[in-house]
Amino acid sequence: MGDTLYASSFDHEVLSDSTLCLSHRGTVHHKIHVSKVILAGHSSYFVGLFTSSMKESQPGQREITLDVEPEDAPYFRALIQSLYTGTLTIPSVLHPANSSSNSSSSSSSSSSSSSSSKKKKKKGKKKNSEEEGEEYPLKEEGDPLQVYDFTLDPDGLSHFRTLLLADRFLIATRLPTIANLLEQLPRTISRTCIWLNVLEDLFSHIEAVKTLISSLEKYIKDRFENFSYLWDTQMLLDLPARGLKCVLEHDGLKVSDEETVLQALRRWYEADPVTSGS
């Protein structure tokens, strides 16, 4: 945990012994003045960096270059600052017209509508790059989050970007914190199904995430527990595939017979056979 005693020394050039230079494609776009001791106390990545034979560990070497894209700089800065203050405040995803690499607008420190088309709801995962109305910036090919539709969920996107960075730089003390912040965000069925896909695809190795996955699954199961009353409703037809899987795995599902479940599956599939079969 961070210590508020050190909060005033964050990004303070005189009180720091190193400078993190965030660089992308050979261009430094952001600098953060830090203490090696504080970073090493929270991250095995930095322990290895500072104790290896690499140039970053050599005496007198103050600048440490890290490959971090400009869009991720606010999230990385928030992570590092939290090591000093003990509190993680995740910046919001900004609209392209208002964004800059050094900006950090307010967001949830303790803290969507469903998609309009059935295709997006059923799949609950991949984003069509040619889709109109794309409001929030996605990064170039290779970004693991770009295949998920966060168009209506900027808060979720900012939290997952931060989680990716914490995982990549092995900042283990912040993984449970971010999982807890995700737990506190408002939920919808559509948002929950997308999150389940993201967490299981990218973060299932993180212990704190396993608890969050269980909580998200319970959210879906609770809403479809009275299956006998919901099996022929639009609510079920709009359910993404990951959500349907969750419902069918519910041991406490209240349904009169197996035939009702089979009819529900048939109606769900026939509503959109292309995406439901993918």
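Go through (1) modelled with pLDDT of 95 or more; (2) closer than 23 Å to Glu71 by Cα; (3) open to solvent by less than 40 Å² (accessible area, probe 1.4 Å); (4) β-branched (Val, Ile, Thr) and name the single condition Thr151 misses.
Result: Thr151 fails condition (1) only.
Considering only segment 236-248, state which residues are under 18 Å from Leu196 (Cβ atoms) and in contact with a helix residue (DSSP H, G or I) (Cβ under 8 Å, 6 or more places away or on another chain).
Filtering segment 236-248 for residues under 18 Å from Leu196 (Cβ atoms) gives 236, 238-248.
Matches in segment 236-248: Leu236, Asp238, Leu239, Pro240, Ala241, Arg242, Gly243, Leu244, Cys246, Val247, Leu248.
Among Glu225, Glu183, which is under 30 Å from Phe46 (Cα atoms), open to solvent by 40 Å² or more (accessible area, probe 1.4 Å) and acidic (Asp, Glu)? Explain how you work it out, then say what you get.
On the way: Glu225 fails: under 30 Å from Phe46 (Cα atoms).
Only one candidate qualifies: Glu183.
Take Leu163 and decide whether it is assigned to a helix (DSSP H, G or I), open to solvent by less than 10 Å² (accessible area, probe 1.4 Å) and farther than 21 Å from Leu66 by Cβ. Give the derivation first.
Working: assigned to a helix (DSSP H, G or I): yes; open to solvent by less than 10 Å² (accessible area, probe 1.4 Å): yes; farther than 21 Å from Leu66 by Cβ: no.
Considered against the rule, which asks whether it is assigned to a helix (DSSP H, G or I), open to solvent by less than 10 Å² (accessible area, probe 1.4 Å) and farther than 21 Å from Leu66 by Cβ, Leu163 comes out as no.
Checking the conditions here, which among Ile194, Ile178, Ile213, Ile220 is in contact with a Cys (Cβ under 8 Å, 6 or more places away or on another chain) and either surrounded by 14 or more Cβ atoms within 10 Å (Cβ to Cβ) or in a helix (DSSP H, G or I) (or both)? Lay out the reasoning, then the answer.
Values: Ile194 fails: in contact with a Cys (Cβ under 8 Å, 6 or more places away or on another chain); Ile178 fails: in contact with a Cys (Cβ under 8 Å, 6 or more places away or on another chain); Ile213 fails: in contact with a Cys (Cβ under 8 Å, 6 or more places away or on another chain).
The match here is Ile220.
The values are calculated or read from the model by the stated rules, or taken from the named source; none is laboratory data. In this text the structure is predicted, and so the values were computed from the model without any measurement. Here Cβ is always computed from backbone atoms with ideal geometry, including for glycine, and neighbour counts include all displayed protein chains. Just the protein is used for accessible areas: all its heavy atoms, side chains included, with ligands, DNA and RNA removed. Shrake-Rupley method; radii C 1.70, N 1.55, O 1.52, S 1.80 Å.
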